[in-house]
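Read through the structure below, which is laid out as structure tokens, and then see the notes.
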Amino acid sequence: YTQIIKKANSASWQVLKSFTSGRPKTIAAAFTIYVRPILETFSQVWNPINRADIKALERVQRRFTMFLFYKSGLPKTTYEARLKFLGLKKLESRRKHLDLTLAHELFHDTSQLSEQLLKRHVPHRSVRHQSRLDSERDSSGPRSSFITNRVPPWWNAIPPDVVMKSKPVFRKKIMDIE
């Protein structure tokens, strides 16, 4: 993670230095274009599980928003208030949305790879919905952070009608999930 964090920090400083506009939302949009992809690239594969790693990744965005508010002459506020003002989400929440979006694509894909990655629930008598996913049996140790174990609890909490929607509608509906 250290290389990703170094690269993202460098890019965020470049964004802050390059944009002289006093409009924080414009500069925040540049952050989402140039920096956030660095922090989210292949996050479904390397998604951090240690709190220290999660905090280190989030610190990039936290620091950026703090300096952006300072540069724009806005008052000091909490991180959550800065995110709300700028229309951003926490990176941890973004990684969850990316995981769910990938699961949605795999769920609706009928290839053999998707069947190997996502373990569909075999319904019994009274199951909430037919589109449930199961975690792996042995989800302890290093495999506990795999997408096959991260996604099922979140996926199973989504209403069945949302799961069956098209990808754009699904993405829009899960944006409200924190």
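What follows draws every value from the coordinates through simple rules; no lab data is involved. No experiment lies behind these values; they were computed from the predicted model shown. For neighbour counting, all protein chains shown are included, and Cβ atoms are generated from backbone atoms with ideal geometry for every residue, glycine included.
Distance between the modelled labels on Ser145 and Arg23, one decimal in nanometres: 3.9 nm (7 Å Cα→Cβ projection). Here the spin labels are modelled as points 7 Å beyond Cα on the Cα-Cβ line, and at Glu58 and Lys167 they lie 2.9 nm apart. For the cross-link pairs Lys25/Lys96; Lys84/Lys167; Lys17/Lys84; Lys6/Lys173; Lys7/Lys165, the ones whose C-alpha atoms lie over 31 Å apart are Lys6/Lys173; Lys7/Lys165.
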